[in-house]
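Below: the structure, in C-alpha cells.
The values are calculated or read from the model by the stated rules, or taken from the named source; none is laboratory data. Computed from a predicted model, the values in this text were never measured in an experiment. All Cβ positions, even for glycine, are placed from backbone atoms using ideal geometry, and neighbour counts span all protein chains on display.
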Amino acid sequence: MKQVLISGAAGFIGSHLCDKFLEEGFYVVGLDNFITGSPKNIEHLLERKKFEFIKHDITLPIKFHSKKIDLVLHFACPASPVDYLKFPLETMKVNSIGTLNMLEIAKKYNSKYIFASTSEVYGDPTVHPQTESYLGNVNPVGPRSVYDESKRFSEAISMSYFREYGLDTRIIRIFNTYGPRMKANDGRVVPNFITQALNMDNITVYGNGNQTRSFCYISDLIDGIFKITSADNLKGEIMNLGNPEEYNILDLAKIIIEKTSSKSQIIFKALPEDDPKQRCPEITKIKKLTKWQPETSLKEGIDLTIDYFKNHI
Ligand code: NAD
Ligand code: UDP
C-alpha cells in the first residue's frame, strides 16, 4: 500500500487532500499543529484504519519509523493574509526550517516531494496572465514579504534538493482557492463576503474593488494536485494551478449578494499595502503535462460554498 505524508493536514486544502488520498487507497499520515487549521476538519477521519494523525509543529525535528513514505506533500503554512500577518515569524519558519525538515524526510525515504507554493511568488505582477517563467515583482520588505519571500525561499531550497540530490521535487504555484472548510473568520475574500452576506453585515470591499483574482474551486484543485503527484514525467517541474476565470472584487461582491439574496450593502475600506492589482494563472503547462483543467465555474463553486457556510457560521 502506498503511503503519503501530508503537512498541514488539518487545514483547508490539507484536509481535502487527506480525503482524496484515502479515497485513492493510500495510507495517510497527517501532521499539523493547528496554528490556523482545525481538528474539526479531520475529525471524520480519525476512526479510519488507514489514517494516522500526529499533532506536531514541523519546524521541530521529527523522526519516522515507517518502512516507507512514497510521497511527501508539504502544505503546512498560514495562507490567509490575515493569518500570516498575525503569525509573521511562524510563517517564515514553516517555509524555511519546516520546508527543510520535510525535504529531509523525502530525501531519507526517497519519496516524491510536492511543495504548495503560491501565486504570491509573482507579487504584484507586471506580466498578465502569469506564466511559470515570469520572475515576479515582490516587495522584499513589505508586510506580505513574510509569506511571499519565504515561499520563494522554499521554492529555491526545493530546487536545490532536486539539483544536488536528484530528489523528485514538484512545485505547485496555487492561485486563490476557495470552498468548504475555509474558516468563517479566515479573512480571505470568499469566506468574508459569504459570511457578511449571510449575516446581513456590510460587505467590505478593499480599495475600489477593481483588483482582480481568479478563483479555483477546491475539488478542481485537489484533482489537479492528484494528477501532478501521479504523473511520471514531472521531476523538478514548477506548475501553476488555478482557474483562469478572472473577476474583479467588486463583481465578486455583487455575485455573492445576488446568490445569497442578501440585503447587505457594499462598503469600501482601505486597500491593504502591496495588495496585488491582478492575478490570473496561465495554465497551458499543466494542461499539457497532466490533461488537467478546471471543471467548476465560479457561480457553481460559490453556490456550494454558500451551502457549506449556511451550516458553519
Ligand atoms: P490553512 O491555513 O487552512 O492550512 C494550513 C495548515 O498548516 C493549517 O492546518 C495549519 O495549522 C498548518 N500549519 C501551519 N504551520 C504549521 C507548522 N509549523 N507545523 C504544522 N502545521 C502547521 O491554509 P490553506 O488555504 O489550506 O493552504 C494550504 C497550503 O496551500 C499553504 O502552504 C498555502 O500557502 C498554500 N496555498 C493556498 C492557497 C489558497 O488559496 N488556499 C493559495 C496559494 C497557496
Ligand atoms: N478583499 C476585500 N475584502 C475582504 C477581503 C479581501 O476586498 O473582506 C480583497 C483583497 O484586498 C484582495 C482580494 O480581495 O484584493 C483577495 O484577497 P484574499 O485575502 O482572499 O487573497 P490574496 O489574493 O490577496 O492573497
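Are any of the residues in the stretch 165-174 out of contact with any helix residue (DSSP H, G or I) (no Cβ under 8 Å at 6 or more places or on another chain), within 12 Å of ligand 2 (Cβ to nearest atom) and in contact (Cβ under 8 Å) with a residue 60 or more places away in the chain? Walk me through it before giving the result.
Kept after step one, since they are out of contact with any helix residue (DSSP H, G or I) (no Cβ under 8 Å at 6 or more places or on another chain), are these residues of the stretch 165-174: 166.
Narrowing the set further to residues that are within 12 Å of ligand 2 (Cβ to nearest atom) leaves none.
Checked the stretch 165-174: no residue is out of contact with any helix residue (DSSP H, G or I) (no Cβ under 8 Å at 6 or more places or on another chain), within 12 Å of ligand 2 (Cβ to nearest atom) and in contact (Cβ under 8 Å) with a residue 60 or more places away in the chain.
State whether the residues of the stretch 198-217 include one that is within 14 Å of ligand 1 (Cβ to nearest atom), under 26 Å from Gly98 (Cβ atoms), under 18 Å from the mean Cα position of the chain (by Cα) and not in a loop (DSSP other than H, G, I, E, B).
Taking the stretch 198-217 first, the residues within 14 Å of ligand 1 (Cβ to nearest atom) are 213-217.
From the residues that got through so far, the ones that are under 26 Å from Gly98 (Cβ atoms) too are 216.
Imposing the further condition that a residue be under 18 Å from the mean Cα position of the chain (by Cα) reduces the set to 216.
With not in a loop (DSSP other than H, G, I, E, B) added as a condition, the list becomes 216.
Looking for residues that are within 14 Å of ligand 1 (Cβ to nearest atom), under 26 Å from Gly98 (Cβ atoms), under 18 Å from the mean Cα position of the chain (by Cα) and not in a loop (DSSP other than H, G, I, E, B), one finds at least one in the stretch 198-217, hence yes.
Do we have any residue at all in the stretch 134-155 that's within 24 Å of Asp70 (Cα to Cα) and among the basic types (Lys, Arg)?
yes
Within the bounds of the stretch 149-160, is there any residue that is under 30 Å from Ile257 (Cα atoms), without any contact (Cβ under 8 Å) to a residue 24 or more places away in the chain, out of contact with any Asp or Glu (no Cβ under 7 Å at 6 or more places or on another chain) and polar (S, T, N, Q)?
Taking the stretch 149-160 and keeping what is under 30 Å from Ile257 (Cα atoms), we get none.
Among the residues of the stretch 149-160, not one is under 30 Å from Ile257 (Cα atoms), without any contact (Cβ under 8 Å) to a residue 24 or more places away in the chain, out of contact with any Asp or Glu (no Cβ under 7 Å at 6 or more places or on another chain) and polar (S, T, N, Q), which makes the answer no.
Kindly list, by first and then second residue, each pair from a residue in the stretch 1-20 that is over 14 Å from Leu221 (Cβ atoms) and modelled with pLDDT of 95 or more to a residue that is among the acidic types (Asp, Glu) and surrounded by fewer than 20 Cβ atoms within 10 Å (Cβ to Cβ), limited to pairs with Cβ atoms under 8 Å and residues at least 6 apart or on different chains.
Lys2/Asp70; Gln3/Asp70; Val4/Asp70
I'd like the residue in the stretch 277-311 that is within 18 Å of Pro81 (Cα to Cα) and over 17 Å from the mean Cα position of the chain (by Cα) and, out of all such residues, is surrounded by the most Cβ atoms within 10 Å (Cβ to Cβ).
Here the answer is Gln278.
Only residues that are part of a strand (DSSP E or B), within 16 Å of ligand 1 (Cβ to nearest atom) and either in contact with a Lys or Arg (Cβ under 6 Å, 6 or more places away or on another chain) or over 24 Å from Tyr147 (Cβ atoms) (or both): list them for the stretch 233-284, please.
Let us first name the residues in the stretch 233-284 that are part of a strand (DSSP E or B), namely 238-241, 246-248, 266-269, 281.
If we keep only those that are within 16 Å of ligand 1 (Cβ to nearest atom) as well, we get 238-241, 246-247, 281.
Passing the criteria: Met239, Asn240.
Scan (1) under 27 Å from Glu282 (Cβ atoms); (2) out of contact with any helix residue (DSSP H, G or I) (no Cβ under 9 Å at 6 or more places or on another chain) for the single condition Asn199 breaks and write down its number.
Every condition holds for Asn199 apart from (1).
Checking Asp186 against (1) assigned to a helix (DSSP H, G or I); (2) within 10 Å of ligand 1 (Cβ to nearest atom); (3) acidic (Asp, Glu), which single condition isn't satisfied?
(1)
Within the stretch 207-247, can you find the residues that are within 13 Å of ligand 2 (Cβ to nearest atom) and either surrounded by fewer than 17 Cβ atoms within 10 Å (Cβ to Cβ) or closer than 18 Å to Ile283 by Cβ (or both)? Working first, answer last.
Step one: filter the stretch 207-247 for residues within 13 Å of ligand 2 (Cβ to nearest atom), giving 207-216, 242, 246-247.
Gly207, Asn208, Asn210, Thr212, Arg213, Ser214, Phe215, Cys216, Gly242, Glu246, Tyr247, listed by residue number.
One line per residue, one yes/no per condition, for (1) assigned to a strand (DSSP E or B); (2) more than 21 Å from Met239 (Cβ to Cβ); (3) among the basic types (Lys, Arg); (4) in contact (Cβ under 8 Å) with a residue 40 or more places away in the chain:
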| position | (1), (2), (3), (4) |
| --- | --- |
| Ile58 | no, yes, no, yes |
| Leu73 | yes, no, no, yes |
| Thr91 | no, yes, no, yes |
| Leu100 | no, yes, no, yes |
| His128 | no, no, no, yes |
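Could you run through the stretch 132-165 and say how many residues are outside any helix (DSSP H, G or I) and within 20 Å of Asn233 (Cα to Cα)?
Filtering the stretch 132-165 down to residues outside any helix (DSSP H, G or I) leaves 132-144.
Among the residues that remain, those that are also within 20 Å of Asn233 (Cα to Cα) are: 132-133.
Looking only at that region, the number is 2.
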